[in-house]
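Down below is the structure, laid out as structure tokens.
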Amino acid sequence: MAIIRTKRLTDGSYVEILPDGTTRPSVDHTDWARVAAMTDEEIMAAALSDPDAQPLTDDQLRRMKRTPRARIIRRALNLTQEEFASRYHIPVGTLRDWEQGRVEPDQPARAYLRAIAGDPDGVKRALEAGPAPA
């Protein structure tokens, strides 16, 4: 089985990442006109008929951990964990714990992450203007 790595571009399109690191547009083989013509019941029946793509049960959904927001923000900024931690003065171990779901950010940390998500350059400028952390 071949693994195909893909990346979503800022315009919403997807590209395949080739072994040499170059990319090519991802080809969509979905017959969207056929999908659009299906009723919700037909879509559910098609999903249930595929043993590899079963919908999650309510119990499975309740037990799943949400993807930590820190990872989403960091990836949107195209930063490594080390770069994000350094830029926003967050210990890299703390960031890893948040991203891996071992620890949930507390309320002040969630507020800080919201500020970074809302204005990453503004937060960076504010940190650069202020005194360095002890």
* **When residues of the stretch 76-92 are limited to those that are assigned to a helix (DSSP H, G or I) and under 19 Å from the mean Cα position of the chain (by Cα), the one surrounded by the fewest Cβ atoms within 10 Å (Cβ to Cβ)** => 82
* To do: Could you tell me which of the residues 116, 72 is surrounded by 12 or more Cβ atoms within 10 Å (Cβ to Cβ), within 28 Å of residue 131 (Cβ to Cβ) and either out of contact with any Cys (no Cβ under 7 Å at 6 or more places or on another chain) or modelled with pLDDT of 95 or more (or both)?
  => 116
* surrounded by fewer than 10 Cβ atoms within 10 Å (Cβ to Cβ) and among the aliphatic types (A, V, I, L, M): does that describe residue 27? -> yes
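I want to confirm something. Restricting to the stretch 93-134 and keeping residues that are charged (D, E, K, R) and within 29 Å of residue 64 (Cα to Cα), which single residue is farthest from the chain's Cα centre (by Cα)?
Filtering first and then ranking leaves 106.
The values are calculated or read from the model by the stated rules, or taken from the named source; none is laboratory data. Bear in mind that the values here come from a model prediction, so they are computed numbers and not experimental data. Backbone-built Cβ (ideal geometry, glycine too); neighbour counts: all protein chains shown.
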